[in-house]
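The values are calculated or read from the model by the stated rules, or taken from the named source; none is laboratory data. This is a predicted model, so every value here is computed, not measured. Using ideal geometry, Cβ is built from the backbone for each residue, glycine included, and neighbour counts are taken over all protein chains shown. Heads up: the accessible areas ignore ligands, DNA and RNA and are worked out on the full protein's heavy atoms, side chains in. Shrake-Rupley method; radii C 1.70, N 1.55, O 1.52, S 1.80 Å.
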2 protein chains.
Amino acid sequence: MVILHNIRALSTSILITGTSQILTLRGAASRRGDALRDVGIIKDGALLLRDGLIAAVGRREKVEAHPLAREAEQLNVCGRVVLPGFVDSHTHLIHAASRSEEYELRISGASYEEIAQRGGGILNSVAKLRAATADTLKQRAQTALQQFAAYGTTTIEAKSGYGLDLTSELKILRLHKELAAERPLDIVSTFLGAHLIPAEFRNRPSGAKDYIALLTDTLIPEVAANKLAEYCDVFCERGAFNLAQSREILEAGKRNGLKPRMHAEQLSRTGATQLAIKLGAASCDHLEKINRADIRALAKSTTVATLLPGCDFHLGLSQYAPARALIDAGAIVGLATDYNPGTSPTVSMPMILSLACTQLRMTPADAIAAATINAAYSLGRHKLVGSLQVGKLADLAIFDVADYREIPYYFGMNACHTTIKRGKIIYSRN
Amino acid sequence: MVILHNIRALSTSILITGTSQILTLRGAASRRGDALRDVGIIKDGALLLRDGLIAAVGRREKVEAHPLAREAEQLNVCGRVVLPGFVDSHTHLIHAASRSEEYELRISGASYEEIAQRGGGILNSVAKLRAATADTLKQRAQTALQQFAAYGTTTIEAKSGYGLDLTSELKILRLHKELAAERPLDIVSTFLGAHLIPAEFRNRPSGAKDYIALLTDTLIPEVAANKLAEYCDVFCERGAFNLAQSREILEAGKRNGLKPRMHAEQLSRTGATQLAIKLGAASCDHLEKINRADIRALAKSTTVATLLPGCDFHLGLSQYAPARALIDAGAIVGLATDYNPGTSPTVSMPMILSLACTQLRMTPADAIAAATINAAYSLGRHKLVGSLQVGKLADLAIFDVADYREIPYYFGMNACHTTIKRGKIIYSRN
């Protein structure tokens, strides 16, 4: 305990020893054949962290021979497994409250869309978010960030989209910026004004048109001018935005320097995937209803196929995205929690790995690559995080297992023992 | 922190206040209509614990007016939810190692039965258990017991069945007894010598007959004479024991004072449920393949229908047990983790509640009743644990949520904040 405390307080160099496995995830975002088959395991390896970066990683003798290793504080992880901190590339971090009452309704038979039609669903969260102060929202998000860290996550993407008006969307995006500045986690901000058409526009004849104009002419330029987001996302789905509307919004984003991402083919096939690829989107997310042509198109593209199995699990849907077909075709597959109060209330990437393995038939190696280096690629952070290589950020998750396959295997449990962000311990189990 | 420490060290009386909800689960094991619909919620209630028992529970003013309340140490739970500690009525606590390598094989396409035929599966665990020392096994089990407590469980059932010879079965059952004596958790011991026919009997013409004779004539009498188990269980399944064999074994158990339990209709319908009911079994477990007649028979019986959805989840099977039909018919439904290295490597009852709600369509109230009072009934412990009533053991789980429905809602996460067993804090999150 004293050692841990010293590290927290003093050290700029840490030498990590006593590992059973280090998963390096060497290599860039990877298709089938490289990192997906090989998570780059080093047995009895060591890591040297210095000034928040990885200074050395490899066989223990080699790392211990590094000129800076001598002066480093030692952290013996007692046979645990070390891997890159998870990169959670799809979250709705900022929201005001849980929706456990809708959860009970759904269990009793109401569908997600029926609940939405009754004023529940996303619009329920919008009403609550608009009424909440920035302080309240921030406090809730800070608790969530601590929880993300406790499950091994060191970088997250965060989407707005429960505001749906200028004031409320900016309230969310400014919180992304504040929380990112305060750290400990890195936060990549995405503008999702196109989450749904808000209630006040719904009963107008030109409501959709007016709201989209508000997005493209006011909100997107304002967000971009204030550098409040890197990405622009659209929920392309029946009941939300159709293909033409999605294109209009994402193109407005691009003109303003916001790179596209897309909620695609979750509940129905809309063609969003092909559009996303055409627009050069960084990621297409969900993909439960994609067809073979979509899979082929993804395989030829650099758009990441980000799967969100937590959502299907929580909604009790039987159809998961065709992960194996995507991997076999050569698509870059990512995994994320989709942390949100309506359809995926979890921050646990280990749980998502369990779902990926047991339900989507991804191997543990596939799943871990999808939750680290591939997810980093989808956020344009693959040169910074997602693998354990010299020069990258010292972002690590240390799991209390002897073999990395046990991370998804022990389902519903959290074996994360220590999380290190930019060389600092941000979570440690006592 | 100081307060918690004091309680641990000194107090025999604790007054718990500041609850948002207390779930009392009043009433005995319950069919649809009483506790299953009504978990007995007290808002802003209080609990008085004394000498390991519940001395008072109810509205705060009333409990605070209790003559012993004044001298009790206060534990303010700051708006959290208090419920009975979970009763996990089906675990294979003692085993030597994880089987994460088989997990990867299964994901790659091999079925559970194929892996078993290749010497994997249960026989893999048997080989490892026979080779392990009692000390090694005990250490592993102690770690698991700490984890059970960390997820809110205060009583477990534990089955032998990875020994399958006299020495090894007794090694397991003696560990049950030792661990139960050391506490902190209560352990109810079950003899499952009839888990599978061991390798050394498999290639003999009369192997099954000989092994069953060993069970009925040697192991069962020995187990009973040494009071090493309360229950006798059989894995009635193709590839394990057929109906006639199961009857023979359970009847031998009954003659020796061991009450029957049964692994029934997991991978195929064998008729085990009807046999179990005829024999007056305390519980029939699994039940994925039961038919309508089985459901009707369970509804008329006092045999608990114990569902183990973790098993289906981990094996990636699409068919869960028909929980709603069982509840609607009036059966007593229980839930358990089935903690074991092959088919359900989890100790997390909150995860089982999430599965029960999202996949089996049990309401959060149904699920919590199934994991507390109904499970206690299946172990003959319903007068002692499973609900928060005066005179029962002070076994509590305190969850860091504002509404009990959030326990299954936040899936893959553990919101258990404090676990109290017989009036003592055995787990507390810092």
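Observations on the structure shown:
- Annotation: of all residues in region A:387-406 being over 20 Å from residue A:76 (Cα atoms) and in contact with a helix residue (DSSP H, G or I) (Cβ under 6 Å, 6 or more places away or on another chain), the one that is least open to solvent (accessible area, probe 1.4 Å) is A:387.
- A residue that is surrounded by 20 or more Cβ atoms within 10 Å (Cβ to Cβ) and modelled with pLDDT of 95 or more occurs somewhere in region A:23-30.
- Verdict on residue A:352 being in contact with a strand residue (DSSP E or B) (Cβ under 6 Å, 6 or more places away or on another chain), open to solvent by 10 Å² or more (accessible area, probe 1.4 Å), over 15 Å from residue A:81 (Cα atoms) and in contact (Cβ under 8 Å) with a residue 40 or more places away in the chain: no
- Scanning region B:315-339 for residues that are surrounded by fewer than 24 Cβ atoms within 10 Å (Cβ to Cβ), within 12 Å of chain A (Cβ to nearest Cβ) and not aromatic (Phe, Trp, Tyr) turns up B:315, B:316, B:317, B:318, B:319, B:324.
- Scanning region B:163-179 for residues that are closer than 29 Å to residue B:86 by Cα and open to solvent by 30 Å² or more (accessible area, probe 1.4 Å) returns B:171, B:174, B:177, B:178.
- Positions within region B:72-84 being buried (at least 24 other Cβ atoms within 10 Å of the Cβ) and touching a Gly at 6+ places or on another chain (Cβ under 7 Å), in sequence order: B:84
- Sole exception among (1) open to solvent by 10 Å² or more (accessible area, probe 1.4 Å); (2) closer than 30 Å to residue A:113 by Cβ for residue A:413, by number: (2)
- Checked against the criterion of being within 17 Å of the chain's Cα centre (by Cα) and aromatic (Phe, Trp, Tyr), region B:394-414 contains not a single residue that satisfies it.
- Test: residue in region B:127-141 that is open to solvent by less than 40 Å² (accessible area, probe 1.4 Å), under 17 Å from residue B:338 (Cβ atoms) and under 23 Å from the mean Cα position of the chain (by Cα): yes
- Considering B:214, B:279, B:219, the condition of being more than 22 Å from the chain's Cα centre (by Cα), at pLDDT 95 or above and open to solvent by 10 Å² or more (accessible area, probe 1.4 Å) is satisfied by B:214 alone.
- If you filter region A:382-430 down to residues that are within 30 Å of residue B:106 (Cβ to Cβ) and acidic (Asp, Glu), you find that the one that is farthest from the other protein chains (Cβ to nearest Cβ) is A:400.
- Among residues of region B:379-397 being among the hydrophobic types (A, V, I, L, M, F, W, C) and part of a loop (DSSP other than H, G, I, E, B), the one that is nearest to residue B:230 (Cα to Cα) is B:379.
- Any hit, region A:105-113, residues being within 14 Å of chain B (Cβ to nearest Cβ), without any contact (Cβ under 8 Å) to a residue 60 or more places away in the chain and in contact with a helix residue (DSSP H, G or I) (Cβ under 7 Å, 6 or more places away or on another chain): yes
- Residues considered: B:69, B:56, B:65, B:46. Of these, the only one that is over 28 Å from the mean Cα position of the chain (by Cα) and either closer than 28 Å to residue B:157 by Cβ or surrounded by 16 or more Cβ atoms within 10 Å (Cβ to Cβ) (or both) is B:69.
- Taking the listed residues B:384, B:379, the one that is under 19 Å from residue B:85 (Cα atoms) and buried (at least 24 other Cβ atoms within 10 Å of the Cβ) is B:379, with no other qualifying.
- Given (1) more than 24 Å from residue A:201 (Cβ to Cβ); (2) open to solvent by 10 Å² or more (accessible area, probe 1.4 Å); (3) part of a helix (DSSP H, G or I), index of the condition residue A:116 fails: (1)
- Failed condition for residue A:342, given (1) more than 7 Å from chain B (Cβ to nearest Cβ); (2) surrounded by fewer than 24 Cβ atoms within 10 Å (Cβ to Cβ); (3) in contact (Cβ under 8 Å) with a residue 60 or more places away in the chain: (2)
- Neighbours by Cβ (under 6 Å, 6+ apart or cross-chain): first from region B:140-152, without any contact (Cβ under 8 Å) to a residue 60 or more places away in the chain; second not in a helix (DSSP H, G or I): B:141/B:93; B:141/B:94; B:145/B:185
- Search result, residues across region A:192-211 that are among the aliphatic types (A, V, I, L, M) and either open to solvent by 30 Å² or more (accessible area, probe 1.4 Å) or over 18 Å from residue A:175 (Cβ atoms) (or both): A:194, A:196, A:197, A:199, A:208
- Residues in region A:142-160 that are of a type in the set (Ser, Thr, Tyr) and farther than 14 Å from residue A:182 by Cα: A:151, A:153, A:160.
- If only residues of region A:239-262 that are open to solvent by 10 Å² or more (accessible area, probe 1.4 Å) and outside any helix (DSSP H, G or I) are counted, the one that is farthest from residue A:306 (Cα to Cα) is A:256.
Here's the yes/no breakdown for (1) under 29 Å from residue B:316 (Cα atoms); (2) among the charged types (D, E, K, R); (3) within 20 Å of the chain's Cα centre (by Cα):
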residue: A:259; (1), (2), (3): no, yes, yes
residue: A:285; (1), (2), (3): yes, yes, yes
residue: A:341; (1), (2), (3): yes, no, yes
residue: A:345; (1), (2), (3): yes, no, yes
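- Residues (over 22 Å from residue B:422 (Cβ atoms) and touching a residue at least 40 places away in the same chain (Cβ under 8 Å)) located in region B:38-53: B:38, B:39, B:41
- Test: residue in region B:354-369 that is within 12 Å of chain A (Cβ to nearest Cβ), charged (D, E, K, R) and in contact with a Lys or Arg (Cβ under 8 Å, 6 or more places away or on another chain): yes
- Selection of region B:85-113 for residues being farther than 27 Å from residue A:360 by Cβ and either at pLDDT below 90 or open to solvent by 10 Å² or more (accessible area, probe 1.4 Å) (or both) yields only B:96.
- Residue count, region A:416-430 (criterion: assigned to a loop (DSSP other than H, G, I, E, B) and surrounded by 20 or more Cβ atoms within 10 Å (Cβ to Cβ)): 1
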